[in-house]
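Down below is the structure, laid out as structure tokens.
The values are calculated or read from the model by the stated rules, or taken from the named source; none is laboratory data. These numbers come from a predicted model, not from an experiment. Positions of Cβ are backbone-derived with ideal geometry, glycine not excepted, and every protein chain shown enters the neighbour counts.
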Amino acid sequence: MSQFMCLAMDSASAARFRTTRRDDRGGKILGRIVDRPGFPCRHCLRLGRLGEEMLLASWDLPLPGGPYWTPSPVFLHAGDCPHAAIEDALPETVRENPLVSLRHYDADGMCLYDLGIVVPGQEAEAPLRQRLGDPRVAFVNIHTAKPGCWLTRVERA
Ligand SMILES: [Zn+2]
């Protein structure tokens, strides 16, 4: 039985960014060509491949609402890519990040400070599974630990 799902940016937001090239605050979306490892796409939850064109935008995260709401810088493939929903495994965008931050929220969107943890991406799955056993947790946002960019939202399957 699977325990969790990793969710991506919704396809409507991705399409809007690709079409308008404007972010959620009306700012210009930047274009980037993948020239080194990294460039995690928040729609297909894959890393950019060398030479691919990516967009760099600010996205208003749908969750949490309330006082812990935040926008995040995100990369996105400039062209169409499949919308990801990954069952019971972490995407490569998390696994291959050297240091990620797990931010846990309750059903009211309040941050559960006592559960927060920073770990290498390759070691994130075990503490994630453990914390999903806490009945207070409604969802988890995984961010890059240093710049704080959102990578995926995890919900129970
Ligand atoms: Zn993509």
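Inside region 36-46, can you point out the residues that are more than 9 Å from the ligand (Cβ to nearest atom) and of a type in the set (A, V, I, L, M, F, W, C)?
Phe39
Out of the residues in region 1-24 that are under 16 Å from Cys149 (Cβ atoms) and away from the ligand (no atom under 15 Å from the Cβ), state the one that is surrounded by the most Cβ atoms within 10 Å (Cβ to Cβ).
Out of the qualifying residues, it is Asp23.
Does Val100 count as buried (at least 21 other Cβ atoms within 10 Å of the Cβ), of a type in the set (Val, Ile, Thr) and either more than 16 Å from the ligand (Cβ to nearest atom) or touching a residue at least 12 places away in the same chain (Cβ under 8 Å) (or both)?
Judged against the criteria, Val100 is a match.
Would you tally the residues in region 39-82 being surrounded by 14 or more Cβ atoms within 10 Å (Cβ to Cβ), at positive phi and either of a type outside the set (A, V, I, L, M) or outside any loop (DSSP other than H, G, I, E, B) (or both)?
So the answer is 1.
Would it be correct to say that Tyr113 is buried (at least 19 other Cβ atoms within 10 Å of the Cβ) and more than 23 Å from Cys44 (Cα to Cα)?
No, not satisfied.
Mind checking which pairs have a first residue in region 15-34 that is assigned to a loop (DSSP other than H, G, I, E, B) and a second that is among the small types (Gly, Ala, Ser) and modelled with pLDDT of 95 or more, Cβ under 6 Å, 6 or more apart or different chains?
Qualifying pairs under 6 Å: Asp23/Ala57; Asp23/Ser58; Ile29/Ala57; Val34/Gly48.
How do the pairs read when you match residues in region 125-140 that are assigned to a helix (DSSP H, G or I) with residues anywhere that are among the small types (Gly, Ala, Ser) and at pLDDT below 95, using Cβ under 9 Å and keeping only pairs 6 or more apart or on different chains?
Between residues of region 125-140 that are assigned to a helix (DSSP H, G or I) and residues that are among the small types (Gly, Ala, Ser) and at pLDDT below 95, there is no close pair.
Kindly provide the set of residues from region 67-93 that are among the acidic types (Asp, Glu), within 20 Å of Ala124 (Cα to Cα) and within 14 Å of the ligand (Cβ to nearest atom), ordered by number.
Within region 67-93, the first condition is being among the acidic types (Asp, Glu), and the residues that meet it are 80, 87-88, 92.
Within this subset, residues satisfying the condition of being within 20 Å of Ala124 (Cα to Cα) are 87-88, 92.
Passing the criteria: only Glu92.
Please go through (1) within 15 Å of Trp150 (Cα to Cα); (2) more than 11 Å from the ligand (Cβ to nearest atom); (3) touching a helix residue (DSSP H, G or I) at 6+ places or on another chain (Cβ under 9 Å) for Pro64 and return the number of the only condition it doesn't satisfy.
(3)
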